[in-house]
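See structure below.
The values are calculated or read from the model by the stated rules, or taken from the named source; none is laboratory data. All values derive from a computational prediction rather than experimental measurement. FYI the Cβ positions are ideal-geometry reconstructions off the backbone, even for glycines, and counts take in every protein chain you see.
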Amino acid sequence: MHNANKTLFDRAILRHTTLRNRLWRSATWLGLADMDSRVTTPIVETYRSLAAGGVGLIVTGLTSIASNDASIGGECKFYDDSFIEGHCLLTEVVHRQGCPILLQTAMIFTMNIPEQAMPEWQYPTLLGTCAKQLEENFGHSETLYACNTYQFADYSRYAVSVFNEEEKRRHRDEHFPKDLENAFALGQRLVKQAAAN
């Protein structure tokens, strides 16, 4: 039920955090990370400015937790301890302005094997541990699998006898559009879940 007495500038509660207002800076890609995908001075200054401007919450931009993710350029990563210092600095600068900052998380796995083979290899259990850790640390996480992926743009350049290129291509053509829809829907759920809080 909508409370007509609430305004954008009223305090709000998100899990255990009190927000000074209901204005959120959404998870928007900045493209300002350095060549090693690390936090830079322009990123810190952008978030400091947003926090100083009075926004109630900042949701960080695109951040990968895998070293081998395909890069669109300029996104941050956080896959080992060497990234802690930059992300801590970013968090401290935002907190000094009285603003909380959070990282929404989802795990999207591209799997070479067919979906029906996942349980045999214990992947739901093994990979579920990663998602559980994210949920425990950040409060919410989701997992999405894209299975039986097409690994190479040109299979003729590789000696791969385990996979059949034609089967992989057919699967990609039939299933990849659905994988994209599922990824988009996951993003929508994260936004709705955040808005509901």
List the number of the failed condition for Ala131; all other conditions in (1) hydrophobic (A, V, I, L, M, F, W, C); (2) farther than 30 Å from Arg20 by Cβ; (3) surrounded by fewer than 16 Cβ atoms within 10 Å (Cβ to Cβ) hold. (3)
Would you check which residues across segment 134-169 are charged (D, E, K, R), at pLDDT 85 or above and more than 17 Å from Gln116 (Cα to Cα) and list them? Asp154, Arg157, Glu165, Glu166, Arg169
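Yes/no per residue for (1) more than 21 Å from the chain's Cα centre (by Cα); (2) small (Gly, Ala, Ser); (3) in a loop (DSSP other than H, G, I, E, B); (4) within 24 Å of Ala106 (Cβ to Cβ):
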position: Thr7; (1), (2), (3), (4): yes, no, yes, no
position: Thr18; (1), (2), (3), (4): yes, no, no, no
position: Asn21; (1), (2), (3), (4): yes, no, yes, no
position: Leu32; (1), (2), (3), (4): no, no, yes, yes
position: Arg38; (1), (2), (3), (4): no, no, yes, yes
position: Glu45; (1), (2), (3), (4): yes, no, no, no
position: Gly61; (1), (2), (3), (4): no, yes, yes, yes
position: Asn68; (1), (2), (3), (4): no, no, yes, yes
Looking at Leu90, Leu144, can you tell me which residue is part of a helix (DSSP H, G or I), of a type in the set (A, V, I, L, M, F, W, C) and either under 23 Å from the mean Cα position of the chain (by Cα) or crowded, with 16+ Cβ neighbours inside 10 Å (or both)? Leu90
Qualifying residue in segment 43-63 (condition: surrounded by 16 or more Cβ atoms within 10 Å (Cβ to Cβ), in contact with a strand residue (DSSP E or B) (Cβ under 7 Å, 6 or more places away or on another chain), at pLDDT 90 or above and among the polar types (S, T, N, Q)): no
Condition first: surrounded by fewer than 14 Cβ atoms within 10 Å (Cβ to Cβ) and in contact with a Gly (Cβ under 9 Å, 6 or more places away or on another chain). Now tell me which residues in segment 64-87 satisfy that. Ile72, Gly73
When you look at Arg48, is it over 17 Å from His95 (Cα atoms) and touching a helix residue (DSSP H, G or I) at 6+ places or on another chain (Cβ under 6 Å), yes or no? no
Run down Ala27, Ala117 and say which single residue is closer than 23 Å to Phe184 by Cα and of a type in the set (Gly, Ala, Ser). Ala27
For segment 29-53, name all the residues that are under 18 Å from Ala66 (Cβ atoms) and aromatic (Phe, Trp, Tyr). Trp29
